[in-house]
Ligand code: BGC
């Protein structure tokens, strides 16, 4: 019997931290860990060294197991499914149970009352924090600083593991060109290189050198694969893509995560080229398990095995189990087709005992590696004392400030003057709930600092007026729930009128982003634009601070507001972090990890597109453009973000004008702070292969470095390019390095910059 019911959605080696004084008095964090190096596509396969001791134990245990016991190991139950009898039967995994006492209880039942004493692997979606909620991953990608992801996953793992959970369904590494898709919030944006750097950092931080450690967890990169490109941006929707796209854009962050040691994986809901993620033999078995030597296990997404029937690739539950098992899905989440039908499938020779054994072996291997047989229990009474500790909260504040992107700052509207009065206006100005973002773990609204409180703490002369309400309801009742009424606008305008400077806190609810939250219109919801226009009419200095989980269409906001700060969903320290940036105690240095379109009709629009035979030219008719948009450009490009200071990037020089296909070329570039404040610049290195057998993206990011410079200070940044950078995957999934010219660009965004070139020779 299939058990599908209503889900409840509850939703790292310790690193040394260095506190560095920035401009002003507030402190910024920089981890000591060096990030950035990821093996790209053409790199060597991961070196997974099987531990002979563990393999022997797996072998011995498997030899004792009955078929029923084996099938139980393949079952992954939700919190609402687990009970004593399931634990006693020896269920393989449980997810979303977050009560440490209950976790401990069921573990005792499994270990003490099941015949073979096999512990349960407890799992949770720790996506941007467990209790201490960090900025959403899209925000953290904006930091262009892998140490931010490292901090998030270090503390996330510590809090998760202290609860008795030993696996996280994270990192979410889906590349996406779809701002309509609500889950773009969970990933690192549109670029495979940035996504790979962030993915590797998260895995290293959450797992440490060995996830047996008490404060570490095993990671599960998801959603394998190409879930980020659903047609129309509608969640779970079909994806059709070329082999080269899959390999060049969507697989690289997974590869980086597995190279970093990720030992489990989650297959995706959607189908690519007609083949559903959890029924895809090519991606699961051929690529992940064989080509990449992955010896951990793959769990399905939520009821995704049963959904093979809806996809139209399985006739019934037994058929769905057949397809998924044959594809390489080892563990079934929530639906129960494996335990229900595997015996029949074995009898009919539709699956083999070897397949079942392989899946069980993989699951047991991860449990042994996690140390669950030696340390199955959690000290549940201590769990609470490990949550929301000051070091985690401090790191969340710094992560949030480093993740914010200054989109506009005309006439030096920012930083605000803390000696003058401030009016905080807007539906998100006094809001705790939405600050936590779409995967709030076990975070609580009361943990979050509101914008109003954060600003008040740094400028006591602060007033607040909401203007309109924005309510996180599912399903929403637009327009009422989303700033649908202007009844409060007069009061808001009066409050703003009485202040010297105005902060407009606007955006989406946290429920408008995330799973099953696609939007066909990505403007600011409701009447928020009208509120901006009313405030703009006052002629006072004001800034729009945005809280959102996706690129929004901000054309009208940009027209009306002198200053815009993209704060995303910043997490528990939202208000403090916003105040740090608005008052200039922290100089913003984030850059966009995803393109912001002018209008939804421009979607998909992304920097790493192919040139086409008729590249866009708005002055001329017969080319790839929109007749009703007088430019080819998005509103804000990938890699873009301003600072309170200015930088110059100069003197790009290459170590050689040729590169042997097995050699390398080093690019050096100078970056100088030409302004009067200390600040951060992200120096970015892109390449373009102008003549290749497959049309190559007009630019591809292949290196970046975020540096902090004092006024007048210059730093030389070095990037090394080799075959992994200049090569690409062809339409048979083969990595090729072709001879010929490579253009190099260095700058502060994906647009413009310095350029040079070298030639790859065989
Ligand atoms: C989501 C996954 C998540 C799982 C368990 C699914 O609906 O797609 O990302 O890990 O639920 O919570």
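A short reminder: the numbers here are calculations on the coordinates, not readings from a lab. Predicted model, so just to flag it, every value in this text is computed and none were measured. Backbone-built Cβ (ideal geometry, glycine too); neighbour counts: all protein chains shown.
Exposure proxy for 197, 691, 578: other Cβ atoms within 10 Å of each Cβ, ordered fewest to most, give 691, 197, 578.
Extents of region 128-173, taken as max minus min of Cα coordinates on every principal axis and listed largest first, are 32, 18, 14 Å.
Placing one equal scatterer on every Cα of region 586-690 and applying the Debye formula, the log10 ratio I(q)/I(0) at q = 0.15, 0.16, 0.22 Å⁻¹ is -0.91, -0.97, -1.14. Scaling the Cα radius of gyration of region 485-579 by the globular reference 2.2 N^0.38 Å produces a ratio of 1.10. Normalising by residue count, the chain has a Cα convex hull of 152 Å³ per residue. Binning the C-alpha pair distances of region 324-363 at 5 Å intervals from 0 yields a P(r) profile of 6, 24, 37, 27, 7, 0 %, listed from the shortest bin outward. Shown is the FRET efficiency for residue 352 and residue 662, computed with R0 = 60 Å from the Cβ-Cβ distance and rounded to the nearest 0.05: 0.90.
Residues 295, 500, 725, 147, ranked from the fewest to the most other C-beta atoms within 10 Å, line up as 500, 295, 725, 147. Comparing region 363-469 with the 2.2 N^0.38 Å rule of thumb, its C-alpha radius of gyration ratio is 1.57 (two decimals). Each of 278, 267, 632 has some number of other Cβ atoms within 10 Å of its Cβ, and from fewest to most they run 632, 267, 278. Only Cα pairs under 8 Å and 6+ residues apart enter the sum, and on that basis the relative contact order of region 176-330 stands at 22 percent. An ellipsoid equivalent to region 502-550, defined through the eigenvalues of its Cα gyration tensor, has semi-axes of 25, 11, 6 Å when rounded to whole angstrom and sorted largest first.
Using C-alpha pairs below 8 Å separated by at least 6 residues, the relative contact order for region 248-326 is 30 percent. Assuming a ≥ b ≥ c are the square roots of the Cα gyration tensor eigenvalues, decide whether region 294-350 counts as rounded (a/c under 1.5), prolate (otherwise, with a/b larger than b/c) or oblate. The shape class here is oblate.
The C-alpha radius of gyration of region 644-762, expressed as a fraction of 2.2 N^0.38 Å, stands at 1.15. Computed from the Cα positions only, the extents of region 549-591 along the three principal axes stand at 28, 22, 18 Å, in decreasing order.
In the distance distribution for region 418-470, Cα-Cα pairs more than 18 Å apart total 37 percent. If you average the sequence gap of Cα pairs under 8 Å that are 6 or more apart and divide by the length of region 434-510, what percent do you get for the contact order? This gives 33 percent for region 434-510. Mind running the shape call on region 438-495? Use the C-alpha gyration tensor, a ≥ b ≥ c as the square roots of the eigenvalues: rounded below 1.5 for a/c, prolate if a/b tops b/c, oblate otherwise. It comes out oblate by the Cα gyration axes.
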